[in-house]
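Inspection log for the structure reproduced underneath, given as structure tokens.
Bear in mind these aren't lab numbers, they're just calculated from the coordinates by the rules spelled out. Just so you know, these numbers come straight off a predicted model, no measurement behind them. Cβ atoms come from the backbone with ideal geometry, glycine included; neighbour counts cover every protein chain shown.
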2 protein chains.
Amino acid sequence: MATNKKWLASADRLTARIPSAVPAYQRIQSAIRKRIDSGQLHPGDPVPSERDLAKIHHVSLMTARHALASLEREGLVERRRGIGTFVAPPKIHFNKLMSYTEQMAARSLTAGAKVLFAKIVDSENEAAARLSLPPTSSLLKFERLRHAAGEPFALETCYLNAAEFPGLLDAPIGRVSLFAILERDFHVELGYADEEVDATAADPRIAELLAIPRREPLLRIRQVIYSAKGKAILYVLGFYRSDRHNLVIRRFR
Amino acid sequence: MATNKKWLASADRLTARIPSAVPAYQRIQSAIRKRIDSGQLHPGDPVPSERDLAKIHHVSLMTARHALASLEREGLVERRRGIGTFVAPPKIHFNKLMSYTEQMAARSLTAGAKVLFAKIVDSENEAAARLSLPPTSSLLKFERLRHAAGEPFALETCYLNAAEFPGLLDAPIGRVSLFAILERDFHVELGYADEEVDATAADPRIAELLAIPRREPLLRIRQVIYSAKGKAILYVLGFYRSDRHNLVIRRFR
DNA sequence: TAGCAAAAGTGCTATAGTCCACATTTCCAC
DNA sequence: GTGGAAATGTGGACTATAGCACTTTTGCTA
């Protein structure tokens, strides 16, 4: 056995780094995250202290600290000086970007979609502008009637840059969440969305599609969805039945 | 002059700590923040590198790093590996809790308010429930017609726990923002608000007050405003002319 | 037994370096 | 000139260590 501690630590770093290329503090985070996700650690349970983590994972105190501080920023754990670090109670996720499918699932509903239109268009200049593209860019456009519990709930029109998503028109848009397709098949890392919300009256076509009286008030949401790097990916114009939707947001002072 | 570097550093720490009790990394942050706020540093300008900051403030690299990492989390600076640290462009504040007055000011409009009703009520059980109070609690209720640019814009009804805000009925609610009164006169530290948004049709009374046709679609927002400590302070039920308002929010994945 | 001081354990701040990954600039060879 | 390698400078990850502030527990004293 080697007796030189410094050498040992260096060797550890090398063997851990070359195959994984994942920093040590992130590996520690993953380990803790996994224990929380798997139910091995419950809210309120103590997480190993900085000093313990350092020993367990053979890293220095500062590295263990980094891991815990990072997890605290994520809201996964709470740290109390003089006491310890504990698994944080689960938070309600406000202002979270979710696909329609995910939103309905959160309400224990299964969302469906009927594709009304799916083509490439090149003269929708407002949509192009929202995506920061030249006015006459080729855009993928599809319109879907969203339903749940056997009822029509909403009408959504989506626009994407046609050049960037070849083959998307052939994807099972009627069955699978568009978010899922983008993330899984096109490896897009979605980051955030800016939404503009107002109220509008249902025009005859929308009223018929949504099975509501004409001029019924609807929530209209214009949503531009950006990648994690801040690039505009998707523009969605949606009309939502007010009797079936309730937009919930949280604001901070 | 002292030649022992370690001793010097320790002395610096002591002299700096005993009077201020402010950690070194926070002092460095303040110094940079001040230079940005005062306009001495503009967006895009480089901030001293970790190594420079360490030399300037006579601290170790890790401490300088800590200061910069913290500022980055705040969104004040951007760090790019191999390049440097730069002042971040000013951010639009999404999801920010603002009074109606503040919101209008952000749009370069001056908000006014006409008080239609201002009394203590004790049988508004929905409002009481929103404030986590017993159903028949005494509540301060006032209804205000908000206007800007000479036009009626919105109708807001506010509810507060009457027991906690004695004398609020005599405050100049028609002229001064309610937020301002709560924060300045009652020393309430506002924290966050949960909002429920939907669309509804204007009933005859609201239509007349807002000078719009009957059954015109309106944004309806139910807002519960909490103190920084999480105590429900204020419930606002508002109806907003859709042609004059646009709710803007940002969601994160 | 009651009270209080010491010990132990925790997170927080800080030092004084090392090596790596990445981007720009410089400068030399062709 | 021009291309490419080296030098330079940046942020990112990490070590090994020290002392402080805060809280709970322990144990001793009166």
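Which ³J(HN,Hα) values, rounded to whole Hz and listed in residue order, are derived for the stretch A:144-157 from phi using the Karplus coefficients 6.51, -1.76 and 1.60 in 6.51 cos²θ - 1.76 cosθ + 1.60 with θ = phi - 60°, glycine and proline given as x?
Residue by residue, the stretch A:144-157 yields 10, 8, 8, 9, 8, 6, x, 10, x, 10, 7, 10, 10, 10 Hz.
Evaluate the distance, in nm, between pseudo-label points positioned 7 Å from the Cα of residue A:70 and of residue B:186 along their respective Cα→Cβ axes.
Result: 4.4 nm between the two label points.
If each DSSP helix of 4+ residues adds -39,500 (n - 2.57) and the sum is divided by the residues in chain A, what number results at 222 nm, nearest 500 deg cm²/dmol?
Per the formula, -9000 deg cm²/dmol.
What do you get for Rg/Rh over the stretch A:57-119 if you use C-alpha atoms and the Kirkwood form of Rh?
1.28
Which of the lysines could be linked to residue A:141 by a straight reach, that is with a Cα gap under 21 Å, when you skip same-chain ones fewer than 8 residues away?
A:114, A:119, A:231
Which value results for Rg/Rh of the stretch B:158-229 when Rg is the Cα radius of gyration and Rh the Kirkwood radius based on the inverse mean 1/r?
1.07
Quick one: pull the percentage of alpha-carbon pairs in chain A with a separation above 27 Å.
Looking at chain A, the distances longer than 27 Å represent 54 percent of pairs.
Once you charge only the Cβ atoms, +1 for Lys and Arg and -1 for Asp and Glu, what is the size of the charge dipole of the protein assembly as shown about its Cα centre, to the nearest 20 debye?
So the dipole magnitude of the protein assembly as shown works out to roughly 2120 debye.
With the convex hull built on the Cα atoms of the protein assembly as shown, state its orientation-averaged projected area in nm².
The Cα convex hull of the protein assembly as shown, projected and averaged over all directions, gives 32.4 nm².
Starting from the stretch A:138-212, pick out the trypsin sites (Lys or Arg not before Pro) whose DSSP state is loop and whose Cβ has at most 13 other Cβ atoms within 10 Å.
A:175
Going 7 Å from Cα along the Cα-Cβ axis for the label, what nanometre distances separate residue B:117 from the same residue across the other copies?
So the label point of residue B:117 gives 4.4 nm to the other copies.
Using Cα pairs under 8 angstrom and six or more residues apart, how large is the relative contact order of chain A, in percent?
About 13 percent, as a whole number.
Please report Rg over Rh for the stretch B:100-241, where both radii come from the alpha carbon positions and Rh follows the Kirkwood definition.
0.95
If I fit a long axis through the Cα atoms of helix A:24-37 and take the longest principal axis of the Cα atoms of chain A, what angle between them do I get, 0 to 90°, rounded to 10?
Tilt relative to chain A: about 60 degrees.
Near residue A:55, which lysines are there with a Cα under 20 Å away, not counting those fewer than 8 places off in the same chain?
Partners found: A:5, A:6, A:34.
Starting with the fewest neighbours, write out B:222, B:81 ranked by other beta-carbon atoms found within 10 Å of each beta-carbon.
The fewest-first ordering by Cβ neighbours comes to B:81, B:222.
Hey, quick one: spin label on residue A:215, modelled 7 Å out along Cα-Cβ, who in the stretch B:186-211 has an amide N within reach, i.e. under 20 Å?
Once the point is set 7 Å along Cα→Cβ of residue A:215, B:199-211 turn out to lie under 20 Å by backbone N, inside the stretch B:186-211.
Along the charge dipole of chain A, pointing to its positive end and built from +1/-1 on Cβ of Lys, Arg, Asp and Glu, which listed residue (A:41, A:245, A:169) has its Cα farthest out?
A:41
Within 10 Å of each residue's Cβ, count the other Cβ atoms and sort A:49, A:177, B:30 from fewest upward.
Result, fewest neighbours first: B:30, A:49, A:177.
Which of A:231, A:34, A:114 ends up with the largest GNM mean-square fluctuation for chain A, with Cα atoms connected below 10 Å?
Top of the fluctuation ranking is A:34.
With only Lys, Arg, Asp and Glu charged, each at its Cβ (+1 for the first two, -1 for the last two), find how big the charge dipole of the stretch B:100-241 is about the Cα centre; round to the nearest 20 debye.
Roughly 280 debye, rounded to the nearest 20.
Taking chain A as a Gaussian network, where each spring joins two C-alpha atoms under 10 Å apart, which residue of A:63, A:157, A:200 fluctuates the most?
Of the options given, A:63 has the highest mean-square fluctuation.
Go ahead and run the numbers for FRET between residue B:120 and residue B:207, Cβ-Cβ distance against an R0 of 30 Å, rounding to 0.05.
That pair, residue B:120 with residue B:207, gives E of 0.60.
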